[in-house]
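Asker: I am attaching a structure below and will ask some questions about it afterwards.
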Amino acid sequence: MTDFEQFVAAHVDDLLRTAYLIVWDEAEAEDLAQECLLKVARRWPRVCRMEQPQAYARRILVNLAVDGARGRARRRSELEWEAVADPIAVDPLPDLDLRAELLQALGQLPARQRAVLVLRYFNDLTEAR
């Protein structure tokens, strides 16, 4: 297994979870994580020498999510969009009490504000480890 493959195996779940919490759509989160990893792969010789390559990948992911927020909002308004029956089906925050309320509140925020809160949450998790 190459260094990049090891990096992906170790961090893809965190990237997916972060993307989901920002864009609030599982398929879009998967697309963003894949696009993020593609960008990281293209720069891997430089990225692998960084002190925290996962932070670099997360920053790419957030930039992709925020940059695409306007297009997602437009697409959603063009479609007849119904609320997801179970917004916590992906269960991105298994350790939080009242996660349904938190997820509902996150879903009402603009993408940039969601990104700030999600990144703060994962930063706190990283520091706790």
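The values are calculated or read from the model by the stated rules, or taken from the named source; none is laboratory data. Bear in mind that the values here come from a model prediction, so they are computed numbers and not experimental data. Every residue, glycine as well, gets a Cβ built from its backbone with ideal geometry; the counts of neighbours run over all protein chains shown. Please note that ligands, DNA and RNA were not included when accessible areas were found on the heavy atoms of the full protein model with its side chains. Shrake-Rupley method; radii C 1.70, N 1.55, O 1.52, S 1.80 Å.
Asker: With respect to Glu30, determine if the residue is within 19 Å of Leu103 (Cα to Cα), without any contact (Cβ under 8 Å) to a residue 24 or more places away in the chain, out of contact with any Gly (no Cβ under 6 Å at 6 or more places or on another chain) and surrounded by fewer than 17 Cβ atoms within 10 Å (Cβ to Cβ). Working first, answer last.
Answerer: Working: within 19 Å of Leu103 (Cα to Cα): yes; without any contact (Cβ under 8 Å) to a residue 24 or more places away in the chain: yes; out of contact with any Gly (no Cβ under 6 Å at 6 or more places or on another chain): yes; surrounded by fewer than 17 Cβ atoms within 10 Å (Cβ to Cβ): yes.
Judged against the criteria, Glu30 is a match.
Asker: Hey, another quick one. (1) part of a helix (DSSP H, G or I); (2) at pLDDT 70 or above; (3) under 30 Å from Thr2 (Cβ atoms); (4) open to solvent by 70 Å² or more (accessible area, probe 1.4 Å): which one isn't true of Glu51, the others all being true?
Answerer: Single failed check for Glu51: (1).
Yes/no matrix, rows are residues, columns are (1) touching a Cys at 6+ places or on another chain (Cβ under 6 Å); (2) assigned to a helix (DSSP H, G or I); (3) open to solvent by 40 Å² or more (accessible area, probe 1.4 Å):
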{"position": "Phe7", "(1), (2), (3)": "no, yes, no"}
{"position": "Lys39", "(1), (2), (3)": "no, yes, yes"}
{"position": "Pro45", "(1), (2), (3)": "no, yes, yes"}
{"position": "Ile60", "(1), (2), (3)": "yes, yes, no"}
